Amino acid sequence: MRALLLSRIGVAQEVVDDLDVDLPQEHEVLVRTCACGVCHSDLHFRQGKWSSFPLPLVLGHECAGIVEKVGSQVSYLKPGDHVVGCLTPFCGECEYCLSGRMYICNGGGLNRPEGGRPRLSRRGRPVSQFVNLSGFSEMMLVHERALVKIDEDIPLDVAAVVGCAVTTGVGAVFNTAEVRPGETVAVFGCGGVGLNIVQGARVAGAGRIVAIDRSPAKAQAARAYGATDIVVSDDEVVGRVVEMTGGGVDHAFEAVGLTVTAQAAFNVLKPGGTATIVGLLPMGDRISVDSTMLTFDRRLRGSSMGSNRFRIDIPRYLKMWQDGRLKISEMITARITLDQVDDAMVALDKGDGITRSVAMF
């Protein structure tokens with residue numbers, strides 16, 4: 001099958017047509033990929049900012065498709081079902097799953113045992129699977145608990161974007177930060193995830209939503225998603241946001257993946273406020289904050305994939321889209337082929353374009 005293969009860090013990925021995929025074992029599902037969004041997280045691994053997977057590797061995690069085959073123990077899905085993949089599968093047995101935090105599941109039993117047949121291989125050698133998915137390939141072989149079934153009348157490009165950008169952004173507002181009606185919100189970064197934070201804050205009833213981006217076009221685009229104020233980022237951005245909000249905001253969200261914007265998100269908080277870091281910061285980076293600000297009950301926290309319960313959340317977000325409460329199809333600014341994905345990642349790094357490119361199969 002065709003797939004986009006990353007063989008060396010920092011080098012263009014290669015489209016190959018000889019990737020082999022195994023048959024599903026007991027709890028596995030073989031999915032024909034129909035759509036996969038291009039996300040900053042993929043770019044971070046391409047650049048080596050995160051390096052937890054051996055090469056060669058097939059990236060891609062914001063994906064949707066149609067079930068082709070299921071393993072002997074799978075009862076939740078059947079061939080022909082439409083599904084969305086999620087990079088935070090759940091085992092249902094670990095401490096985190098049992099305490100309702102399935103998004104940080106230990107992952108026991110979700111991967112094949114070491115030394116066994118790999119799910120993906122090329123010319124007889126194993127190929128690493130990215131976060132249990134590897135969506136930039138014509139087929140995906142995944143554990144059934146990395147998938148959620150969706151209605152067949154939902155376009156699969158829209159469904160794919162919900163698999164990461166929407167779940168991460170809207171979920172950070174609803175599940176992680178629990179924004180309340182009337183509270184003030186600042187969002188650093190107006191890409192796909194940032195715009196979903198903006199519209200999540202709108203749906204939650206935030207009284208004021210400040211959208212911040214270094215790109216005037218991206219910042220301005222946030223108005224359509226619910227931003228009440230637009231700020232083009234510069235060295236004085238913290239002071240400007242604090243001044244315009246009369247002392248800071250209740251909630252600040254970082255959706256870029258940079259230490260400098262994470263620190264800025266903390267610094268625009270008013271006493272008692274919370275900064276939620278949604279972007280994927282490079283491994284080993286450290287955030288420095290003023291200890292005096294902590295004294296006044298300001299908080300800094302992370303958010304893993306919008307603290308999701310994806311089999312509950314994703315169908316709900318799709319229903320909100322169907323009802324007109326969430327904008328999703330509007331985020332897809334380009335539908336591309338597999339051969340164009342690497343260029344789309346490079347464009348992300350340059351800050352070109354707004355929101356999402358989606359590879360269609």
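If a residue counts only when it is under 20 Å from Glu183 (Cα atoms) and either in contact (Cβ under 8 Å) with a residue 40 or more places away in the chain or hydrophobic (A, V, I, L, M, F, W, C) (or both), which helices (runs of 4 or more DSSP H) contained entirely in region 215-279 have at least 1 such residues?
237-244, 259-267
Before we move on, is Leu300 under 18 Å from Ile197 (Cα atoms) and free of Cβ contacts under 8 Å to residues at least 24 places away in the same chain? Can you show your working first?
Values: under 18 Å from Ile197 (Cα atoms): yes; free of Cβ contacts under 8 Å to residues at least 24 places away in the same chain: no.
Answer is no for this residue.
Could you tell me which of the residues Arg112, Arg123 is among the basic types (Lys, Arg), surrounded by 15 or more Cβ atoms within 10 Å (Cβ to Cβ) and more than 23 Å from the chain's Cα centre (by Cα)? Quick ask: steps written out before the conclusion?
Details: Arg123 fails: surrounded by 15 or more Cβ atoms within 10 Å (Cβ to Cβ).
The conditions single out Arg112.
Based on this model, can you work out whether Ser75 counts as of a type in the set (S, T, N, Q) and either surrounded by 18 or more Cβ atoms within 10 Å (Cβ to Cβ) or within 26 Å of Leu318 (Cα to Cα) (or both)? Spell out the reasoning first.
Details: of a type in the set (S, T, N, Q): yes; either surrounded by 18 or more Cβ atoms within 10 Å (Cβ to Cβ) or within 26 Å of Leu318 (Cα to Cα) (or both): yes.
Considered against the rule, which asks whether it is of a type in the set (S, T, N, Q) and either surrounded by 18 or more Cβ atoms within 10 Å (Cβ to Cβ) or within 26 Å of Leu318 (Cα to Cα) (or both), Ser75 comes out as yes.
Quick one: what pairs do we get from region 168-193, first residue without any contact (Cβ under 8 Å) to a residue 60 or more places away in the chain, second in a loop (DSSP other than H, G, I, E, B), C-beta under 7 Å, 6+ apart or different chains?
Partner pairs satisfying both residue conditions: Pro181/Gly205; Gly182/Gly205; Gly182/Gly207.
So is Thr295 free of Cβ contacts under 8 Å to residues at least 40 places away in the same chain, of a type in the set (Ser, Thr, Tyr) and in the same structural domain as Tyr96 (by TED's automatic domain parsing) or not?
Working: free of Cβ contacts under 8 Å to residues at least 40 places away in the same chain: yes; of a type in the set (Ser, Thr, Tyr): yes; in the same structural domain as Tyr96 (by TED's automatic domain parsing): no.
When the stated conditions are applied, Thr295 does not pass them.
Please find, within region 293-333, the residue that is surrounded by the fewest Cβ atoms within 10 Å (Cβ to Cβ) out of those that are assigned to a helix (DSSP H, G or I) and touching a Leu at 6+ places or on another chain (Cβ under 7 Å).
By that ranking, first place goes to Met320.
I'd like to check something: does region 41-52 contain any residue that is closer than 30 Å to Ile328 by Cα and in a strand (DSSP E or B)? Lay out the reasoning, then the answer.
Within region 41-52, the first condition is being closer than 30 Å to Ile328 by Cα, and the residues that meet it are 41-50.
Imposing the further condition that a residue be in a strand (DSSP E or B) reduces the set to none.
The answer is no, given that none of the residues of region 41-52 is closer than 30 Å to Ile328 by Cα and in a strand (DSSP E or B).
The values are calculated or read from the model by the stated rules, or taken from the named source; none is laboratory data. Just so it is clear, the structure is predicted and the values come from calculations on it, not from any experiment. Using ideal geometry, Cβ is built from the backbone for each residue, glycine included, and neighbour counts are taken over all protein chains shown.
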